[in-house]
Amino acid sequence: MQALLATGNRGKLAELRVLFAGGGLDLVLPEDAGVPLPVVDETGTSFLENALLKARALAAAAGKWALADDSGLEVDALGGAPGVRSARYAGPAAADAANVARLLEALRGVTDRRARFRCVLALANPDGSTLTASGVLEGEIAQAPSGTGGFGYDSVFRLPDRGCTVAELTFEEKQRISHRARAAAALLELLPRISEL
């Protein structure tokens with residue numbers, strides 16, 4: 001089944017295509033299907049609400065199935081922040097380095113550094129019905145950045161059981177264990193229910 005991916009980011013398309021390879025879901029960017037990507041204000045207070053907003057808007061505009069994700073970092077000591085504001089934690093147009101710097105400053109002197117990456121995927125039918133799935137990767141925030149792979153908060157998201165940050169994993173390792181990989185696996189399990197929608 002083909003679905004439009006609610007993004008203009010070819011890197012995200014490549015990552016998700018790998019995760020859904022062989023699973024019966026063929027993802028295409030809206031621009032490659034000749035469909036304009038709707039501008040959606042992410043006004044939701046949760047990853048689920050934002051994923052649903054994006055998926056339903058694209059599905060309705062295109063008259064085709066659409067997949068959207070919303071994901072970010074939740075830090076226990078910060079009450080779940082940066083949460084849905086992960087990409088703009090240090091400001092509306094903040095770069096990854098600025099977001100990481102603000103996070104480390106917020107955690108200065110904090111010993112409880114437990115955190116998780118969370119991803120929610122929403123697959124929407126043009127009539128508005130949806131399938132949703134989520135994935136979580138547990139870890140902790142390191143004292144300082146380490147590693148050159150990945151993006152976002154990967155350089156400070158430490159995996160205690162592996163003794164490294166996500167940015168120190170190979171691309172293949174990250175693809176196996178990431179919050180996005182776990183959400184994709186959960187959504188693939190739900191795909192047989194698509195005929196019920």
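Does at least one position in segment 87-94 carry a residue that is under 20 Å from Leu67 (Cβ atoms) and either at pLDDT 95 or above or of a type in the set (A, V, I, L, M) (or both)? Reasoning before the result, please.
Of segment 87-94, the ones under 20 Å from Leu67 (Cβ atoms) are 87.
The next check asks that each one be either at pLDDT 95 or above or of a type in the set (A, V, I, L, M) (or both); those that pass are 87.
So far as segment 87-94 goes, yes, one or more of its residues are under 20 Å from Leu67 (Cβ atoms) and either at pLDDT 95 or above or of a type in the set (A, V, I, L, M) (or both).
Can you report the number of residues in segment 77-136 which are assigned to a loop (DSSP other than H, G, I, E, B) and of a type in the set (S, T, N, Q)? Reasoning before the result, please.
Taking segment 77-136 first, the residues assigned to a loop (DSSP other than H, G, I, E, B) are 79-81, 89-95, 107-113, 125-129.
Then drop every residue that is not of a type in the set (S, T, N, Q), which leaves 111, 125, 129.
Total satisfying the criteria: 3.
What is the residue count in segment 162-186 for residues that are outside any loop (DSSP other than H, G, I, E, B) and closer than 14 Å to Val136 by Cβ? Lay out the reasoning, then the answer.
Start the filter on segment 162-186 by keeping residues that are outside any loop (DSSP other than H, G, I, E, B), which leaves 164-168, 171-177, 179-186.
Among the residues that remain, those that are also closer than 14 Å to Val136 by Cβ are: 166, 177, 179-186.
Selection size over segment 162-186: 10.
Among the residues of segment 56-76, how many are of a type outside the set (D, E, K, R) and in a helix (DSSP H, G or I)? Step through it out loud before you land on a result.
Restricting attention to segment 56-76, the residues satisfying the condition of being of a type outside the set (D, E, K, R) are 57-63, 65-68, 71-73, 75.
Retained after the next criterion (residues that are in a helix (DSSP H, G or I)): 57-62.
The qualifying residues number 6.
Filter segment 140-160 for residues that are buried (at least 22 other Cβ atoms within 10 Å of the Cβ) and closer than 12 Å to Ser178 by Cα and give the result.
The answer is Asp154, Phe157.
Please identify the pairs in which a residue from segment 163-192 that is over 20 Å from Leu73 (Cα atoms) has its Cβ atom under 7 Å from the Cβ atom of a residue that is aliphatic (A, V, I, L, M) and surrounded by 14 or more Cβ atoms within 10 Å (Cβ to Cβ), counting only partners at least 6 apart or on another chain.
Hits for this filter: Leu187/Leu121; Leu187/Leu123; Leu187/Leu131; Leu187/Ala133; Leu190/Leu131; Leu190/Ala133; Leu191/Leu25.
Glu140 fails exactly one of the following numbered conditions: (1) under 18 Å from Val75 (Cβ atoms); (2) assigned to a loop (DSSP other than H, G, I, E, B). What is the number of that condition?
Against the list (1) under 18 Å from Val75 (Cβ atoms); (2) assigned to a loop (DSSP other than H, G, I, E, B), Glu140 comes up short only on (2).
Only one of these conditions is not met by Glu31: (1) surrounded by 16 or more Cβ atoms within 10 Å (Cβ to Cβ); (2) acidic (Asp, Glu); (3) in contact with a Leu (Cβ under 8 Å, 6 or more places away or on another chain). Which number is it?
(1)
Read through the list (1) under 21 Å from Thr7 (Cα atoms); (2) under 18 Å from the mean Cα position of the chain (by Cα); (3) at pLDDT 95 or above, then give the number of the only condition that Ala59 fails.
Failed condition: (2).
Only one residue in Ala133, Ala77, Ala81, Ala95 is within 22 Å of Lys12 (Cα to Cα) and either charged (D, E, K, R) or surrounded by 15 or more Cβ atoms within 10 Å (Cβ to Cβ) (or both), so which one is that? Walk me through how you get there before you give the answer.
Details: Ala77 fails: within 22 Å of Lys12 (Cα to Cα); Ala81 fails: within 22 Å of Lys12 (Cα to Cα); Ala95 fails: either charged (D, E, K, R) or surrounded by 15 or more Cβ atoms within 10 Å (Cβ to Cβ) (or both).
None of the other options fit; the residue is Ala133.
Quick one: Pro160 ticks every box in (1) under 18 Å from the mean Cα position of the chain (by Cα); (2) without any contact (Cβ under 8 Å) to a residue 60 or more places away in the chain except a single one, so which number is it?
(1)
Among the candidates Ala21, Ala14, Ala68, which residue alone is surrounded by 20 or more Cβ atoms within 10 Å (Cβ to Cβ) and small (Gly, Ala, Ser)?
Details: Ala21 fails: surrounded by 20 or more Cβ atoms within 10 Å (Cβ to Cβ); Ala14 fails: surrounded by 20 or more Cβ atoms within 10 Å (Cβ to Cβ).
The conditions single out Ala68.
Count, please, the residues in segment 1-55 that happen to be assigned to a strand (DSSP E or B) and either at pLDDT below 90 or of a type in the set (S, T, N, Q) (or both). It would help to see each step written out before you state the result.
Residues of segment 1-55 that are assigned to a strand (DSSP E or B), as a first pass: 2-5, 26-28.
If we keep only those that are either at pLDDT below 90 or of a type in the set (S, T, N, Q) (or both) too, we end up with 2.
Total satisfying the criteria: 1.
Arg158: charged (D, E, K, R) and assigned to a loop (DSSP other than H, G, I, E, B), yes or no? Step through it out loud before you land on a result.
Details: charged (D, E, K, R): yes; assigned to a loop (DSSP other than H, G, I, E, B): no.
Spelling it out, it is not the case that Arg158 is charged (D, E, K, R) and assigned to a loop (DSSP other than H, G, I, E, B).
The values are calculated or read from the model by the stated rules, or taken from the named source; none is laboratory data. Owing to the predicted nature of the structure, the values given are computational and were not obtained by experimental measurement. Using ideal geometry, Cβ is built from the backbone for each residue, glycine included, and neighbour counts are taken over all protein chains shown.
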